[in-house]
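Could you have a look at this structure, given as structure tokens, before my questions?
The values are calculated or read from the model by the stated rules, or taken from the named source; none is laboratory data. For clarity, every value in this text was computed on a predicted model and none was experimentally measured. Positions of Cβ are backbone-derived with ideal geometry, glycine not excepted, and every protein chain shown enters the neighbour counts.
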Amino acid sequence: MADRTRWTDIFRNGLAGALVLAGLLAGPGAWGQTAFPETADLADYLAWARTHAPRVTGASAAADALTAQAEGAGALPDLKLAWGEMIVPVETRVGPQQRVFSVSQSLPWFGTLGLRREAAEAGAATAGARLTAVTLDLEQKIRAAWSTLAVAQGERVLLEDHLDLAGQIETITRAGYEAGEAQYGQVLQAEMETGRLQSRLEILAHRLAVLTVKLNTLTGLAADHPMPVASLSEAPPQTGESTLDDLLSRLAAHNPDLQALAHETESRRVAVDLAGKAGKPGLTLGVDYIMTGPALQPDLADSGKDPIIARVAVAVPLWGGRAKAEQQAAVSRLAAAQAQQTSARLDLTAHLAEAFFQVQQSRALIDLYGLTLLPRARQALVVTRADYESGRAPFAALIEARRDLLTLELDLLQARSDQRLALDGLAALLGDTAPLKGDRS
């Protein structure tokens, strides 16, 4: 019990040091947040990140801005109103012209407004897909931090159990030495084993403090938020199997990065069509209303009559070099977007295949450690301890048996974490944080 209290104090001291560093890096605005559950699981951390993490809120604001911008992208140019005052009125037969009011409306070439709206909508769709990609990437990082924290907490439990076991071995060795049945060198070896485990626990306490800060800052929580009790068994995937071909087909259809690049490519394609309109003439329709004062001869017909003038203006693109350059630039940007889309698809395919292999590999290791090696290692420790106490086995064999058991227990814990991380990576690649099939952890 005293040892566990000691490890708690070490963790608190390590956490305090890590929080000082995190506070200096994060600034004053990162402290003192509230409204988060006192006892939280992974789902609580993910839900909090979706509404508080700066990466997600920033991407969401950018997507909202482009969506709002797309709503007005296909509208006509603003109506122009003009007013002119005659500084020196122009005297006409029917009276002096005093002021002019004008209204004009520019009309782009046929189809230009529709293409502008399509390009803006594609840009908004790209931002929406980017938001999904950012959210999934952040959630994957939070899941990874959670799994790493769970492994470290599990390692702490194992080390504490083995520290108790090492203490028992040390007690047995001391009793044997006092009875003249063991050498003093064996007592020293037992004390060294206990010291090694204590040192590992001290280092692990500081690591737990850092992992806690990392999880909190990823989530958008205050850096000094308490460490949760993490578990690898939360949100277990469904049972069953998913083949690599199934996952590859889902990748092409649902990966948010590929979707964003597809929307961007579509935007570039529309931009090519829009650039083709750059060499077309533009039309401006207008009406001028001229206010006229009374004529010098009041009885003159049409005295003071205000004339109304209809205007038509045509923008003639005489300089075709600029329009041609715009078209060539648009075609090149489309080619670049298509190449980027193809490159991303190939890279993501490789990442998915690698993650799929990691799932299969970790599953095999879980079976090997959990079903075969660990039961034998536990049995070997029991047998070796009995043989040592009866004098049939050397002390070194007992130490080696305990070390082998701890190594295998840590390997099993890491294999379960590796499988969880690989499945989470697959889910992010497939545009879904829902559980995947194939986990047997």
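Keeping to region 374-392, report how many residues are part of a helix (DSSP H, G or I) and surrounded by fewer than 18 Cβ atoms within 10 Å (Cβ to Cβ).
Final tally of qualifying residues: 11.
Let me ask something else. Based on this model, can you work out whether A144 counts as buried (at least 21 other Cβ atoms within 10 Å of the Cβ), aliphatic (A, V, I, L, M), in contact with a helix residue (DSSP H, G or I) (Cβ under 7 Å, 6 or more places away or on another chain) and under 30 Å from L42 (Cα atoms)?
Spelling it out, it is not the case that A144 is buried (at least 21 other Cβ atoms within 10 Å of the Cβ), aliphatic (A, V, I, L, M), in contact with a helix residue (DSSP H, G or I) (Cβ under 7 Å, 6 or more places away or on another chain) and under 30 Å from L42 (Cα atoms).
Quick one: would you say A415 is small (G, A, S) and either farther than 27 Å from R200 by Cα or out of contact with any Ser or Thr (no Cβ under 8 Å at 6 or more places or on another chain) (or both)?
Taking the combined requirement at face value, the residue does not satisfy it.
Within region 155-189, take every residue that is under 48 Å from the mean Cα position of the chain (by Cα) and more than 15 Å from L405 (Cβ to Cβ) and give me the one that is surrounded by the fewest Cβ atoms within 10 Å (Cβ to Cβ).
Ranking the qualifying residues of region 155-189, first place goes to G167.
List pairs: first residue in region 312-340 and within 11 Å of A278 (Cβ to Cβ) and not assigned by TED's automatic domain parsing to the domain that holds L285, second residue charged (D, E, K, R) and assigned to a helix (DSSP H, G or I) anywhere in the structure, Cβ distance under 8 angstrom, at least six positions apart or on different chains.
Taking only residues 6 or more apart or on different chains, the pairs are A330/R268.
Could you say whether any residue in region 229-236 is in contact with a helix residue (DSSP H, G or I) (Cβ under 6 Å, 6 or more places away or on another chain) and crowded, with 16+ Cβ neighbours inside 10 Å?
For region 229-236, residues in contact with a helix residue (DSSP H, G or I) (Cβ under 6 Å, 6 or more places away or on another chain) and crowded, with 16+ Cβ neighbours inside 10 Å: present.
I would also like to ask the following. Identify, please: which residue in region 268-321 is β-branched (V, I, T) and surrounded by 13 or more Cβ atoms within 10 Å (Cβ to Cβ) and is, among those, nearest to the chain's Cα centre (by Cα)?
Selected residue: V270.
Let me ask something else. Without any contact (Cβ under 8 Å) to a residue 40 or more places away in the chain and within 42 Å of the chain's Cα centre (by Cα): does that describe E71?
Judged against the criteria, E71 is a match.
If you check A53 against the conditions, is it at pLDDT 80 or above, among the aliphatic types (A, V, I, L, M) and outside the structural domain of Q297 (by TED's automatic domain parsing)?
yes
Oh, and also: State whether one or more residues within region 86-94 are among the β-branched types (V, I, T) and in a helix (DSSP H, G or I).
No.
This table checks each residue for (1) at pLDDT below 90; (2) not in a loop (DSSP other than H, G, I, E, B).
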site: M192; (1), (2): no, yes
site: S199; (1), (2): no, yes
site: L211; (1), (2): no, yes
site: L215; (1), (2): no, yes
site: M227; (1), (2): no, no
site: G240; (1), (2): yes, no
site: D245; (1), (2): yes, yes
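Which of the numbered conditions does Q98 fail, given that it passes all the others? Conditions: (1) modelled with pLDDT under 90; (2) under 32 Å from the mean Cα position of the chain (by Cα); (3) not in a loop (DSSP other than H, G, I, E, B).
Just one mismatch for Q98, condition (2).
Going residue by residue through region 56-68, is there one that turns out to be more than 30 Å from A330 (Cβ to Cβ), under 53 Å from the mean Cα position of the chain (by Cα), at pLDDT 90 or above and assigned to a helix (DSSP H, G or I)?
yes
Can you tell which of A47, A73, A82 is modelled with pLDDT of 90 or more and within 26 Å of P281 (Cα to Cα)?
Exactly one of A47, A73, A82 is modelled with pLDDT of 90 or more and within 26 Å of P281 (Cα to Cα), namely A82.
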